[in-house]
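The values are calculated or read from the model by the stated rules, or taken from the named source; none is laboratory data. None of the values given here were measured: they were computed from a predicted structure. Cβ coordinates were reconstructed from backbone atoms using ideal geometry, including for glycine residues, and neighbour counts include every protein chain displayed. With ligands, DNA and RNA removed, areas are computed over all heavy atoms of the protein, side chains included. Shrake-Rupley method; radii C 1.70, N 1.55, O 1.52, S 1.80 Å.
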Amino acid sequence: KADNLLWQTLPLGPTGYGDSPYQSFSTFAGYPYYIDLELLIEDGYLTKEICDSYDFGDNEHYVDYEKIYLSRFKVLKIAFDNAREQGLTETGDYQKFLTENAYWLDDYALYMAVKNSFGGVCFMEWDEDIRLRKAAALRKYRKKLAEEIAFYCFQQYLFAKQWKELKAYANKKGIGIVGDIPIYVALDSADVWTHPELFLLDEENLTPLKVAGVPPDAFSEDGQLWGNPLYRWDVQEKTDFAWWKERMKASGRLYDVVRIDHFIGVVQYYAIPAGAEDGKAGEWLKGPGKKLTDAIGQVIGDTKIIAEDLGIFVPEVKALLEETGYPGMKIIEFAFSGDRFNEHLPHMYTPNSVVYGGTHDNETLVGYFKPEERQWWELQYIADYMGVSHQDQVVDRVMFTAYGSVASVVIFQAQDVLKLDNWARMNTPGTVGSNWRWRMRSGELNQGHADHLAWLVDTFGRF
C-alpha cells in the first residue's frame, strides 16, 4: 500500500550560468524547461511539427542546456502567441493566477525582461535608474517591455498548472513530493533586486558586503565561497519574517515536504568579506534560530520540514531540531570513515531522522564504495558492518541496512537504485560545466527496481 511513499526533487527554480538549481533567478518561480510541450500540443498551443523542428539535444544520458536554452523559449513564445489568440490570458483561471501570485510574479517577470534587454547580465550591471528601482524607471520598463513581461507570466502559469496536475496525480497514487529550497538566494535574482533591504548589501550601490560560504574542512582546505548575499536578519525580524513567510507558503503549495538546505545557517552562519578569493577569511555570526522557525510554523500548515543539518556539529542546531520536531539527515556514505559512534552509522540513528545513501553533492554509491577509493580499515568495517563479502553486494547491502534502520524515512537517488557509476553523479561541488546534467532514460527504472524497493518496504514494515 503506497500511502507514505516520497519522491524528492532538486529545487525547481529557473537557473542561470552553471545550471545549478541552487542558484536561481527566483525562489518563487518555476523552471520553464520543465514545462511539458506534449501537454501544450494537447492544449492546441503547439503542433508536433513545430516542436520537432527545434534541436533540444539528443544525448540520452545528459541534458544539453545550451541547446535547450536556444530552443525552448522560442517554442514557448509560439505557444504564448497561440494561447493568447485563443483567449487564454483573458480567462478567469489565468487572471486568478496573476492575482494570487502578484507578491512575486510581477517583479520576477519584469526582472527577466529587463535582464534580457541588458544582454542577460545581473542587475548589478544595469543602468542605475532601473538597478535602484527608481519609480520612473520601473514605469518606463514596464511599458517598454510589456510584451515580454506578459510572456514570462505565461510561462509561470503553465509551470504552475502542470505542476499542480503532476502533484495531484502523485498524491492520488499515495506519493508525497519532497521539495528542496536553498537557505540562500542568488545575487542575480528577482528576490535580491526587489527586496535589497533584506540582504547585507551596500545601500548606495547594492554590492554585497559579506557573502555566504563555509570554512575550511576535511573536504576543502580553502573552504567554500558560495557568493550568495547574506540576510539582514535584524531587518527580516522587524518585518516578522514576511518574505520568508511568503517563500514558505509558496513552497507549501508546491510540495508535501520541504527540505531546507544548509539548515545550520538558521542558527549560525559563516560570513565571508565580499571580494575574498576563498572561504578562509570568514567569521561565524548568530542566526535568527527559533524566531525564524516559529514564523515558518505560522504559515506552513500541514507541510512537513526536513532540516539539512550536515556539516559541522552545532549543539544549538540539535536543540532547535528537538524543539521544532524537524527531522535531520543521515548519510550512509559518511558512516564508515570515523569511529564506532559516527552519527551516520545506522545503529546511531534516532527515529526522527531521514537517511540517504548520498546526496546530489556526493559520489554515487557504486563510485564511492570502490575498493581502490577506500582505506583498508574502512573496507574491513564496511564488510563487518553490512556483511559484505564482494564489491558487487555493497549497494544492495547499503539499501538493506538503511531500510532496516529506525530512521523514519529512507531516500535513495535514482542513480543509486540503478547502481550507476560516477559518470551519473549529479554534482561535484566547486566545479562548473558538467554538473546537473544526468538524465534517466525512459524505462530505465523498471518493475524489477520497484519490486526490490517494495520488498525492502515490506520486510522492514515501512508500509
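Give me the 1.4 Å probe accessible area per residue for the chain, excluding ligands and nucleic acids, in Å².
That works out to 48 Å² for each residue.
Need one number: nm distance between label points at Asp202 and Leu166, each 7 Å from Cα along Cα→Cβ, rounded to one decimal.
Using points 7 Å along Cα→Cβ, the separation is 4.1 nm.
Per the Kirkwood definition applied to all pairs of different Cα atoms, how many angstroms is the hydrodynamic radius of the chain?
On the way: mean 1/r = 0.0418 Å⁻¹.
In the chain this quantity evaluates to 23.9 Å.
Run down the lysines and flag those whose C-alpha is under 17 Å from the C-alpha of Lys330, throwing out any fewer than 8 positions away in its chain.
Counting by Cα, and skipping residues close in sequence, Lys330 has these lysines nearby: Lys318.
Can you give the convex hull volume per residue for the Cα atoms of segment 293-351, as a whole number of Å³?
Taking only Cα atoms, segment 293-351 has a hull volume of 97 Å³ per residue.
Are there trypsin sites (Lys or Arg not before Pro) in segment 317-403 that DSSP marks as loop and that have at most 15 other Cβ atoms within 10 Å, and which are they? Mind showing how you got there, number by number?
Numbers: sites: Lys318, Lys330, Arg340, Arg374, Arg397; in loops: Arg340, Arg374.
Passing both the DSSP loop test and the Cβ count: Arg340.
Specify, per residue and in Å³, the volume enclosed by the convex hull of the alpha carbon atoms belonging to segment 78-237.
It is 192 Å³ per residue.
Just to be sure I understand: if I project the alpha-carbon convex hull of segment 1-98 onto a plane and average over all orientations, what area do I get in nm²?
Mean orientational projected area (segment 1-98, Cα hull): 9.2 nm².
So what's the projected area for segment 380-463, the Cα convex hull averaged over all directions, in nm²?
Working: hull surface 29.5 nm².
Averaged projected hull area, Cα only: 7.4 nm².
Quick one: if you take sqrt(5λ) for each eigenvalue of the C-alpha gyration tensor of segment 158-214, what semi-axes come out, biggest first, whole angstrom?
In descending order the semi-axes read 36, 14, 7 Å.
Under unit Cβ charges (Lys, Arg +1; Asp, Glu -1), what dipole magnitude, rounded to 20 debye, does segment 209-256 have relative to its Cα centre?
Details: 7 positive and 8 negative charges, 77 e Å.
Roughly 360 debye for segment 209-256.
According to the square roots a ≥ b ≥ c of the eigenvalues of the Cα gyration tensor, what is the shape class of segment 26-75, taking rounded for a/c under 1.5, prolate for a/b larger than b/c otherwise, and oblate for the remainder?
The shape class here is oblate.
When 1/r is averaged over all different Cα pairs and the result inverted, which Kirkwood radius in Å belongs to segment 65-109?
This gives a value of 12.2 Å.
Over 20 Å between C-alpha atoms is what I'm after, so list which of Lys48/Lys167; Lys164/Lys249; Lys67/Lys164; Lys245/Lys290; Lys48/Lys173 land there. Numbers along the way, then the final one.
Numbers: Lys48/Lys167 26 Å; Lys164/Lys249 15 Å; Lys67/Lys164 27 Å; Lys245/Lys290 14 Å; Lys48/Lys173 30 Å.
Violating the 20 Å Cα-Cα cut-off are Lys48/Lys167; Lys67/Lys164; Lys48/Lys173.
Which value, in Å³ per residue, describes the convex hull spanned by the Cα atoms of segment 237-362?
Expressed per residue, the convex hull around the Cα atoms of segment 237-362 is 147 Å³.
How many angstrom lie between the C-alpha centres of segment 279-346 and segment 158-237?
About 17 Å separates the Cα centre of segment 279-346 from the one of segment 158-237.
I'd like the carbon and sulfur percentage of the solvent accessible area for the chain, probe radius 1.4 Å, heavy atoms only, ligands and nucleic acids excluded.
52
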